[in-house]
Amino acid sequence: MGRKQAREGSMQVLYQMTLNDDFSDEALKSYLDNFVFGEQETNYIIDAIENTRENLDSIDRSIEENLKEWEIERVARVDLSILRIAIYEILYREDIPIQVSINEAIEISKKYSSEDSFRFINGVLGGFVRSLDKEE
């Protein structure tokens, strides 16, 4: 296993939390009890979920600011979960290059979402990264 599986696991648990509107520690524990991950993957998932949960308003605001003529409520929950994990990585994981976070988000969307979702994911993340560049 590796970080790719940890990202997918993070997206899956975040998707489940979003659908159930339950971002509790119990929901995370339940997910981890039902799937087998190595120690590094488990640590990544815990960090991703905890940081995403703690910064959810800021992360969602970043997504909303880069949606063109869309409301965040209209975004497919799988795509929203993928975007949240990618933005978490870009903002809070200096050990992961931005381009890797974007590429992995695109690959996850190709695996778990609709046929054209990867274009949407790429567009939102591209706009987000450009907005970061303007701030610097």
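The values are calculated or read from the model by the stated rules, or taken from the named source; none is laboratory data. Here the structure is a predicted model, which means the values were calculated and not measured. A quick note on method: Cβ atoms are made from the backbone with ideal geometry, for glycine too, and the neighbour counts reach across all protein chains shown. The area values use the complete protein model at the heavy-atom level, side chains included, leaving out ligands, DNA and RNA. Shrake-Rupley method; radii C 1.70, N 1.55, O 1.52, S 1.80 Å.
State yes or no: is Ser30 surrounded by fewer than 16 Cβ atoms within 10 Å (Cβ to Cβ) and among the hydroxyl-bearing types (Ser, Thr, Tyr)?
yes
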Problem - Any hit, segment 60-67, residues being more than 22 Å from Lys134 (Cα to Cα) and part of a helix (DSSP H, G or I) - result: no
Exercise for the section: Taking Ile96 as the residue in question, decide whether it is part of a loop (DSSP other than H, G, I, E, B), open to solvent by less than 30 Å² (accessible area, probe 1.4 Å), out of contact with any Phe, Trp or Tyr (no Cβ under 9 Å at 6 or more places or on another chain) and among the hydrophobic types (A, V, I, L, M, F, W, C). Expected result: yes
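Take the residues of segment 60-76 that are surrounded by 11 or more Cβ atoms within 10 Å (Cβ to Cβ) and not aliphatic (A, V, I, L, M): which is farthest from Ile102 (Cα to Cα)?
The selected residue is Trp70.
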Problem - Residue among Arg53, Arg7 that alone is within 12 Å of the chain's Cα centre (by Cα), under 22 Å from Ser114 (Cβ atoms) and basic (Lys, Arg) - result: Arg7
Exercise for the section: Kindly provide the set of residues from segment 99-120 that are of a type in the set (Ser, Thr, Tyr), in a helix (DSSP H, G or I) and open to solvent by 60 Å² or more (accessible area, probe 1.4 Å), ordered by number. Expected result: Tyr112
Fill in the blank from the handout: Contact list, first residue from segment 15-37 and in contact (Cβ under 8 Å) with a residue 12 or more places away in the chain, second anywhere and open to solvent by 60 Å² or more (accessible area, probe 1.4 Å) and among the aromatic types (Phe, Trp, Tyr), beta-carbon distance below 9 Å, six or more apart or interchain, is Tyr15/Tyr112
Practice task
Working carefully through the options Ile98, Ile90, find the one that is under 11 Å from the mean Cα position of the chain (by Cα), within 24 Å of Arg3 (Cβ to Cβ) and at pLDDT 95 or above.
Solution key: Ile90
Exercise for the section: Would you be able to say whether some residue in segment 115-132 is free of Cβ contacts under 8 Å to residues at least 12 places away in the same chain and within 22 Å of Gln16 (Cβ to Cβ)? Expected result: no
Handout entry: Number of the condition not met by Lys134 [criteria: (1) within 22 Å of Leu56 (Cβ to Cβ); (2) modelled with pLDDT under 95; (3) part of a helix (DSSP H, G or I)]
Key = (1)
Practice task
Say whether the condition of being under 23 Å from Phe118 (Cβ atoms), without any contact (Cβ under 8 Å) to a residue 40 or more places away in the chain and among the acidic types (Asp, Glu) is met by at least one residue in segment 61-68.
Solution key: yes
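Only residues that are closer than 18 Å to Glu50 by Cα and open to solvent by less than 40 Å² (accessible area, probe 1.4 Å): list them for segment 77-92, please.
Leu80, Ser81, Ile82, Leu83, Arg84, Ile85, Ala86, Ile87, Tyr88, Glu89, Ile90
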Handout entry: Selected residue [in a helix (DSSP H, G or I), more than 15 Å from the chain's Cα centre (by Cα) and not basic (Lys, Arg)] from Gly127, Gly123
Key = Gly127
